[in-house]
Amino acid sequence: MRLMRRSLLPLGFAVFAGSRPALADAPVALEGAEVFDGERRIGRATILVADGVIGAIGPSGSVAVPAGARRIDLAGRAVVPGLISAHSHVGNSAGAETGGRFYTRENVLAQLRQFAAYGVTTVTALGLGPAAFFDIREEVRRGGTDGADLLGAGMGVGVPDGTPPAGPMNLNDSQVARPGTPEEAREAIRAMARRRVDIVKLWVDDLNGTVPMMRPEIILAATEEAHAHRLRVAAHIHDLEQARIVVRSGVDIVAHGIRDKPVDAALVAAMRERNTWYIPTIQINEANYIYADRPELLADPFFGRALNAGLRAQFGDPEWRRSALAGAASSREEVAVNQRNLKALHAAGVRIGFGTDSGATAIRIPGFAEHRELELMVEAGLTPEQALRCATGQSAELLGLEDRGLLRQGRRADLLVLDADPQADIRNIHRIRAVWQRGREVSGALG
Ligand SMILES: [Zn+2]
């Protein structure tokens, strides 16, 4: 797997721009919060943070706090790992508009700051990235920017005149490779591997029979080539039959929920046998109607931080709202099917990751989408702990990241301090007191 632990810059070496506080030289002890470590609840604990990573973690009283450490009393609060999105996009929207022309450094960095403010400390841009993606990723990795860490697929592999649809999404040719033959698919993957993409993305969807679907030999060639470069492959799908095809082709990650039919025993068996990951992205369809359903959100400070002027105007427009509600029935049904399938696959032991498709279009709102996704996963029948596990430890595992996702010694100190315990009510994930990234507080309360 190409995703390796990234070493931290030596203390005193990095220069941080923007509003980040100076590096704290002294270790920090976060004391007394109820801690979920990304896998399990460990109760009231002490987390010792030094040099950007967790130096020690354990039940209160079990961790020796060195003299000189800064002690922060978090009694009555909760701590969970930073959320990890394995399916988002960046730079593809601005205001209420969607399209590749918005892919600028400034816009991408602003979106990464928004993700981090909502506690999403790692974001995977699953395709639609032009060449600029690689420079921005490098800049983020060096630690010179504020905001979430950025991984990605670069362009991703789509279909000539097919998905992702260039017209409706205002995409340009620099954002998606569209190979016509297996050899062109292999060459596209080789080019991506040379740029050291973190993951490979394929779009396998005929949009309900309206566009050509990626041919099986292309899926196989791209997947085989990616695996030869030790890259995992995530496939966009919508339907059960598409999921069957990609799982059979050896794709590692089904990157959307199945939304046309209930999953069946054959698919469950195949996914279990091949250890295929599944990212439900329930919010992708809810985004089509929730703002119309709940106009009171516009006055909610928690939501307000994620709203730009263009979206605020759109959601406040009664005509837009009428139209969104009038067309909402199929989206509601897809959410319901997606939730039932998540519940069935989770119960059957299929490995579940976390993502929302946030950023692919303007109404899939970075940060807010991830909070809604957790709520929708719980509504589907997962416990808050199970949903949080998907969004932290499991999402890291899906991405092959061994340096984060769990609050364990030696891993990155990426974490959320919450005013109430999300295991009691997943909506408490909204109650962010602080976001810590690589051992430093980077963002405070929302709203
Ligand atoms: Zn996507």
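Each of W277, W320 has its accessible area taken with a 1.4 Å probe; listed largest first, they run W320, W277. Between V268 and A26, full extension at 0.36 nm per residue minus the direct alpha carbon distance yields a gain of 82.2 nm.
Residue order by solvent-accessible surface for S249, S395 is S249, S395, largest first, with ligands and nucleic acids left out and a 1.4 Å probe.
Charge dipole (Cα centre; +1 on Lys/Arg Cβ, -1 on Asp/Glu Cβ; no other charges) of the range 235-330 amounts to roughly 120 debye. Annotation: amide H of D37 within the under-5 Å range of I42, sequence separation 5 or more or interchain, hydrogens built in the peptide plane. Based on the Kirkwood approach, the hydrodynamic radius assigned to the range 114-191 is 13.8 Å, with every pair of different Cα atoms included. Between K201 and G156, V157, A234, the built amide H atoms are under 5 Å apart, and every one of these is 5 or more places off in sequence or on another chain. Figure note: V63, V435 ranked by solvent-accessible area, largest first, 1.4 Å probe, ligands and nucleic acids not counted: V63, V435.
Taken about its Cα centre, the chain carries a charge dipole of roughly 920 debye when the Cβ of each Lys and Arg holds +1 and the Cβ of each Asp and Glu holds -1. Of the accessible area of the range 66-133, computed with a 1.4 Å probe over protein heavy atoms only, carbon and sulfur atoms account for 51 percent. Sequence-ordered 3J(HN,Hα) estimates for the range 441-446 from the Karplus curve with 6.51, -1.76 and 1.60 and θ = phi - 60° stand at 6, 10, 7, x, 5, 8 Hz, glycine and proline given as x. Relative contact order, whole percent, for the chain stands at 21, derived from Cα pairs under 8 Å and 6 or more residues apart. Toward the positive end of the charge dipole of the range 231-356, with +1 on the Cβ of Lys and Arg and -1 on the Cβ of Asp and Glu, the farthest Cα among N285, G310, L267 is that of L267. Couplings 3J(HN,Hα) of the range 430-439, computed from phi: 5, 8, 6, 9, 7, 10, 10, 9, 6, x Hz, in residue order, whole Hz [Karplus 6.51 cos²θ - 1.76 cosθ + 1.60, θ = phi - 60°; x for Gly and Pro]. Here the Karplus curve 6.51 cos²θ - 1.76 cosθ + 1.60, taken at θ = phi - 60°, turns the phi angles of the range 416-425 into couplings of 10, 9, 10, 7, 8, 7, x, 6, 7, 7 Hz, with x standing for Gly and Pro.
Here the dipole of the range 298-424 is about 120 debye; that uses its Cα centre as origin and unit charges on the Cβ of Lys and Arg (positive) and Asp and Glu (negative). Accessible area per residue for the range 28-153 is 31 Å², calculated with a 1.4 Å probe on protein heavy atoms, without ligands, DNA or RNA.
Two numbers describe the Cα atoms of the chain: Rg and Dmax, which are 21.0, 66 Å. Rolling a 1.4 Å probe over the protein chains gives R321 an accessible area of about 80 Å². Only one residue of G327, F354, A116 has its Cα farthest out toward the positive end of the dipole of the chain, where Lys and Arg carry +1 and Asp and Glu -1 on Cβ, and that residue is A116.
Radius of gyration (Cα atoms) of the range 256-297, expressed as a multiple of 2.2 N^0.38 Å: 1.65. For the chain, the antiparallel share of DSSP beta bridges with both residues in that region comes to about 50%.
Residues whose amide H falls under 5 Å from that of L150, counting only those 5 or more places apart or on a different chain, are V123, with hydrogens built in the peptide plane.
When the Gaussian network model of the chain links Cα atoms closer than 10 Å, the mean-square fluctuations of R113, R294, R351 top out at R294.
The values are calculated or read from the model by the stated rules, or taken from the named source; none is laboratory data. All values reported here derive from a predicted model rather than from experimental measurement. Note that each Cβ is placed from the backbone with ideal geometry, even for glycine, and that neighbours are counted across all protein chains shown. Surface accessibility is based on the protein's heavy atoms, side chains included, excluding ligands, DNA and RNA. Shrake-Rupley method; radii C 1.70, N 1.55, O 1.52, S 1.80 Å.
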